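Enquirer: Handing you a structure now.
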Amino acid sequence: MSCMRRDIFQAIADPTRRAIILLIAFRDMTPKGISEHFVITRQAISQHLRLLTACGLLKQDHRGREIYYRIEPDKMTVLEIWITQFRQIRECRLTEPDRVPAIINGNTK
């Protein structure tokens, strides 16, 4: 699990964690509020939340006695960059195959 804490791609590979991210993207939520949307235990939800927080995809906000989870936009940008890179490779794979290595190395020009 320590390896997964650093790798947001492994973290989002789990369908439950992706569903949690989608819920929290709609609005900040408490663990109890999140768990009401699933048929798994609150303890399992807490484990998913810990992992998503350790990866930096979620942040905790303490509001009184409650802890609310919210999306961390900076980490979501990492995912967007990767998806954009993937799309560029797909688009130029057939038309400009020589450009693919440059895109992989981060040169989008």
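The values are calculated or read from the model by the stated rules, or taken from the named source; none is laboratory data. Small disclaimer: the values here were computed from a predicted structure and weren't measured. Because the Cβ atoms are built from the backbone with ideal geometry, glycine has one as well, and the counts that use them run over all protein chains shown.
Enquirer: Taking region 24-40, which residues are free of Cβ contacts under 8 Å to residues at least 24 places away in the same chain and exposed (fewer than 15 other Cβ atoms within 10 Å of the Cβ)? Can you show your working first?
Expert: Filtering region 24-40 for residues free of Cβ contacts under 8 Å to residues at least 24 places away in the same chain gives 26-27, 32-33, 35-39.
Passing the criteria: Phe26, Arg27, Lys32, Glu36, His37, Val39.
Enquirer: Considering only residues that are under 19 Å from Arg70 (Cβ atoms) and at pLDDT below 95, which ones fall in region 1-17? Give the steps one after another, and end with the answer.
Expert: Within region 1-17, the subset under 19 Å from Arg70 (Cβ atoms) is 5, 8, 11-12, 16-17.
Residues satisfying the conditions are Arg5, Ile8, Ala11, Ile12.
Enquirer: Residues Ala25, Ala19, Ala54: which one is touching a Ser or Thr at 6+ places or on another chain (Cβ under 9 Å) and of a type outside the set (S, T, N, Q)?
Expert: Only one candidate qualifies: Ala54.
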